[in-house]
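Asker: The following block contains the structure, expressed as structure tokens.
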Amino acid sequence: MILQASRNAGVPHWRREEQLSTALLAPVRSWLLDDGSLTQHLLNTGKQFSLERWHQCWEAPRPDERKLLQMPLKELAMVRQIVMRLDSNAVVYARSVFPISTLNGPLRRLRRLHNKSLGAFLFSRPDMRRSPFQIALLAGDAPYLPESLHQDTEAWARRSCFEVADKPMLVSEVFLKDFPSWQSATPLHRSRRGQVSATIGRFRS
Ligand SMILES: C=C(O[C@@H]1C=C(C(=O)O)C=C[C@H]1O)C(=O)O
């Protein structure tokens, strides 16, 4: 199957790994499907890491996000958009969606992450679970990407639902052209490595 960079109304064409051709995925699968902490990977490069929050508001999530998170029709979400940089070059753009019901109670502190990494919190939690990735190939000028991050090459993107304390959130990441890809030693989803008790079944679409 040939994957076209999506240019349709700004909605990335998200697919599961098994829906993509092996040939297309082969060059990138090692790092794209690595489910360890991306923040930690970027810190490990030894370059100057920074995270900048661009946007955080209570708003209606996109319909596909609402569906994945199984949110009731009227429920709002906190939408957070950040960019991660290495040596001042933007390398990852991320959009995360937290249903209001996730941010009540013990996870309330996630409302105040500011420029701190969500990943640092998630990967410190022994009860964290992560769903299998959905993947998309975006045009460099896809409306999904903020205009100032538009580039002349296509960009791989992935998204995955996390659960902490049984509360769901959706994290989508776009890998920009300055992203330093790497060879992961264990390019398998942690649910398959047995590090997490179970795949989050309800997020399989
Ligand atoms: C999920 C991770 O967290 C990163 C940090 C994010 C944030 O602070 O909003 C969003 C997406 C991630 O790339 C990670 O480090 O793997």
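None of the figures in this text is laboratory data; all of them are computed from the coordinates on show. No experiment lies behind these values; they were computed from the predicted model shown. In this analysis, Cβ positions are derived from the backbone assuming ideal geometry, glycine residues included, and neighbour counts consider all displayed protein chains.
Asker: Would you mention how many residues in region 119-173 are near the ligand (Cβ under 10 Å from one of its atoms), under 11 Å from the mean Cα position of the chain (by Cα) and not charged (D, E, K, R)?
Answerer: 6
Asker: Of the residues that sit in region 26-52 and are buried (at least 16 other Cβ atoms within 10 Å of the Cβ) and charged (D, E, K, R), which one is farthest from Asn115 (Cα to Cα)?
Answerer: Taking the candidates together, the pick is Arg29.
Asker: For residues that are outside any strand (DSSP E or B) and either in contact (Cβ under 8 Å) with a residue 60 or more places away in the chain or of a type in the set (Phe, Trp, Tyr) (or both), scanning just region 142-169, find the one that is surrounded by the most Cβ atoms within 10 Å (Cβ to Cβ). Walk me through it before giving the result.
Answerer: Filtering region 142-169 for residues outside any strand (DSSP E or B) gives 142-154, 165-166.
Cutting the leftovers down to either in contact (Cβ under 8 Å) with a residue 60 or more places away in the chain or of a type in the set (Phe, Trp, Tyr) (or both) gives us 142-144, 146, 149, 154, 165.
Values: Ala142: 23, Pro143: 16, Tyr144: 18, Pro146: 15, Leu149: 18, Glu154: 17, Ala165: 11.
The qualifying residue surrounded by the most Cβ atoms within 10 Å (Cβ to Cβ) is Ala142.
Asker: Still on this structure, please answer the following. Could you tell me whether region 53-74 includes any residue that is within 14 Å of the ligand (Cβ to nearest atom) and under 17 Å from Phe179 (Cα atoms)?
Answerer: No, that holds for no residue.
Asker: Now a separate question. Can you go through Arg111, Arg95 and tell me which one is among the charged types (D, E, K, R), farther than 22 Å from Lys47 by Cα, within 16 Å of the ligand (Cβ to nearest atom) and assigned to a strand (DSSP E or B)?
Answerer: Just one listed residue meets the conditions, Arg95.
Asker: If you don't mind, another one. When Ser88 is evaluated against the numbered criteria (1) farther than 23 Å from Gln151 by Cβ; (2) of a type in the set (Gly, Ala, Ser); (3) away from the ligand (no atom under 16 Å from the Cβ); (4) in contact (Cβ under 8 Å) with a residue 40 or more places away in the chain, which criterion, by number, is the only one it fails?
Answerer: Status for Ser88: all satisfied but (1).
Let's see how each residue does on (1) more than 11 Å from the ligand (Cβ to nearest atom); (2) assigned to a loop (DSSP other than H, G, I, E, B); (3) of a type in the set (Val, Ile, Thr):
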site	(1), (2), (3)
Pro12	yes, yes, no
Ala23	yes, no, no
Ala26	yes, no, no
Arg29	yes, no, no
Asp34	no, yes, no
Thr39	no, no, yes
Leu42	no, no, no
Gly46	yes, yes, no
